[in-house]
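To start, the structure under review is shown below, and the notes come after it.
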Amino acid sequence: MTLTLIDRARRTDHVTDRDLIDEGTADAGAAPEKTPDAAPGSAPRRATGREADGLAVASFVLGLIGLLVFNLLLGPTAIVMALLALARRTRRPGRAYLGLALGVADLVVLAVLVTVNGTVAWDLAG
C-alpha cells in the first residue's frame, strides 16, 4: 500500500475523506482526474474531448494523404476515424467532416484509377 500526499490548498474540487483514501490506494499516474460535473463511472470530459479532437485531426490528415497514396487503406480509415470523432462529440467537427469527405474522395479517386487505368496506381508517364 502506498501513500499519496495531497496538497489540499491547491485542490479545486470538493472531495470527501473516502475519495482521498481511494486515491491513495490506486496508482497516482493511472487515476484520471475527477471533475465536479462528471457523472459517476464516466470518463473525464477533458480526456474524451482530447481523444475525439485527435481522431478528427488524424482523419483529416489520413484523408489528405490518402488522395495521393494508399487510397484503399487510408480512405476507409479516415472515414471510420471521422465517424468516431463525431460520435464522441469532438470540439472540431469541421475537421471531422473534412476527414469524412476526404475519405470518401479517396475511394472515389481509387474507383476512377481502377476504371481509367485498370490499376490502383497513378500513371503520370502517359
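We did not get these values from a lab; they are worked out from the coordinates using the rules stated. Computed from a predicted model, the values in this text were never measured in an experiment. Every residue, glycine among them, receives a Cβ derived from its backbone with ideal geometry; neighbour counts consider all protein chains shown.
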Surrounding charge for residue 78, neighbours by C-beta under 15 angstrom, Lys/Arg +1, Asp/Glu -1, total +1
Output the peptides 78-91, 105-118 sorted from most to least packed, where packing is the average of other Cβ atoms within 10 Å over each peptide's residues. 78-91, 105-118
For region 58-115, build the convex hull from the C-alpha positions and give me its volume per residue in Å³. 51 Å³
When only DSSP loop residues count, what chymotrypsin sites (Phe, Trp or Tyr not before Pro) in region 48-126 have their Cβ near at most 15 other Cβ atoms within 10 Å? 70, 122
